[in-house]
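The values are calculated or read from the model by the stated rules, or taken from the named source; none is laboratory data. These numbers were taken from a predicted model, which means no experiment stands behind them. Methodologically, a virtual Cβ is constructed for each residue, glycine included, from the backbone with ideal geometry; neighbour enumeration extends over all protein chains shown.
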Amino acid sequence: MVSVQHVSKVYTLFERPTDRLVSLLPLIGEARGREFWALRDVSLRVEPGEVFALVGPNGSGKSTLLQIVAGIMQPTRGRVISTGRVAALLELGAGFNPDFTGRENVYLNGEIMGLSRAEVETAFPKIAEFAGIGEFIDRPVKEYSSGMYVRLAFSTAIHVEPEVLIVDEALAVGDAIFANRCVRKLEELKERKVTILFVSHDLGIVKRLADRAALMLHGEVVAMGKPSDIVNRYVGLVHELHLRDAPLEGGSYRHGDGTSRIESFAILNSHGDEATSFLSGERATIRIRARFTKDCESPTVGILIRNRLGVDVYGTNTRVEQKELGSYAAGDVLEICFVLDCLLSRQEYTLTVATQHADGASQDWIDDALSFAVIDHRDTAGMIQLNTEIQWQRNP
């Protein structure tokens, strides 16, 4: 369990080094620094066994909060209460002595976290195997690449039997194969009811792993709830460059400058009828109707399909498909159809629809506008149906 109670963190910023000296000698002159609040009255609670994600733009206070939760930094105000053994994987290099070998750093970190030497010795073979850095385990870590560094750091953190795991975007430097192994390991820890608090800019990972999520902006938590809702709101923030006050309603988030307004949308089956279920491989049509409220040159219309975990499956738009839509005056209506083969596997999906300016800025974006199901008598794995044919012969 992790309980963050009204935590704030303030720094004093100085224009010149001499101003810092003056602030230390108040009898000589007035302090000349200005306050910068990295965190302001942040409160949240991560329940035992829960996976909680923090998202937000750079500089929003996510990493500062994790450092305070991990005990590396003290808050200016408020407090953090955590129960159980805490393992933290923060910025690259934190916790490792660059002059020690990888093996020595594993033992050092294990003992710092309260494990006996015998316990570390028992865990070490698994740590070395998962890290996969071979003979470099006995070389000073200052000789490691960033990828090797994070492999060993992550492997150490997850194999010391933590009850609380804190991860700060540390997997961004790993290769794709190792990143997938790490995600599977985090899913394993989730099944074992390890409490996990993590920061990631990979929104697919947030939707896949997290039970809840929070959006941070300017040192404050501005939204908290289901990962899919928080990610949708964050995407809206990125598109608009500022956070709108629109509420999270119906599992979706709508944003845009209103140059056009989507009036209707539907998915039609191969018979031309609106439907909410489709056969795998069936020809389907996504129809979108939008009305312009202002004059507009070369708008873009797009679609995005996500699975039930909120992971992006497929997306395209008229710009990608090289379809020029021309010019529109206020009051004009645009109806557009995306005709495609529904080559998806059997499960539920959502459809996001959007109109945009030529530079990508949103006019009207509706996340998870509707849901639909794909039906298939075959029980294939994954999210797509590739209509596989098998050819074989005996004793060729």
Fill in the blank from the handout: Scanning region 373-385 residue by residue, the ones that are outside any loop (DSSP other than H, G, I, E, B) and surrounded by fewer than 19 Cβ atoms within 10 Å (Cβ to Cβ) total 3
Problem - Positions within region 92-140 being aliphatic (A, V, I, L, M), at pLDDT 90 or above and over 29 Å from the mean Cα position of the chain (by Cα), in sequence order - result: Leu108, Ala118, Val120, Ala123, Ile137
Practice task
For region 304-326, indicate whether the set of residues that are assigned to a loop (DSSP other than H, G, I, E, B), surrounded by fewer than 12 Cβ atoms within 10 Å (Cβ to Cβ) and either in contact with an Asp or Glu (Cβ under 6 Å, 6 or more places away or on another chain) or assigned by TED's automatic domain parsing to the domain that holds Ile230 (or both) is non-empty.
Solution key: no
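Matching residues to (1) in contact with a helix residue (DSSP H, G or I) (Cβ under 6 Å, 6 or more places away or on another chain); (2) on the phi < 0 side of the Ramachandran plot; (3) of a type in the set (Gly, Ala, Ser):
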{"position": "Arg289", "(1), (2), (3)": "no, yes, no"}
{"position": "Glu297", "(1), (2), (3)": "no, yes, no"}
{"position": "Arg306", "(1), (2), (3)": "no, yes, no"}
{"position": "Asp312", "(1), (2), (3)": "no, yes, no"}
{"position": "Thr350", "(1), (2), (3)": "no, yes, no"}
{"position": "Ala354", "(1), (2), (3)": "no, yes, yes"}
{"position": "Asp364", "(1), (2), (3)": "no, yes, no"}
{"position": "Asp368", "(1), (2), (3)": "no, no, no"}
Exercise for the section: Look at Gly331 and say whether it is in contact (Cβ under 8 Å) with a residue 24 or more places away in the chain, touching a strand residue (DSSP E or B) at 6+ places or on another chain (Cβ under 9 Å) and not in a loop (DSSP other than H, G, I, E, B). Expected result: no
Practice task
Would you mention how many residues in region 187-201 are surrounded by 21 or more Cβ atoms within 10 Å (Cβ to Cβ) and within 21 Å of Val231 (Cα to Cα)?
Solution key: 6
Practice task
Can you run down the residue pairs with Cβ atoms below 6 Å, 6 or more apart or on separate chains, where the first is in region 143-162 and assigned to a helix (DSSP H, G or I) and the partner is crowded, with 22+ Cβ neighbours inside 10 Å and of a type in the set (Val, Ile, Thr)?
Solution key: Ser155/Ile127; Thr156/Val106; Thr156/Ile127
Practice task
Name, by its number, the condition in (1) modelled with pLDDT of 95 or more; (2) over 17 Å from Asn307 (Cα atoms); (3) assigned by TED's automatic domain parsing to the domain that holds Lys62 that does not hold for His218.
Solution key: (1)
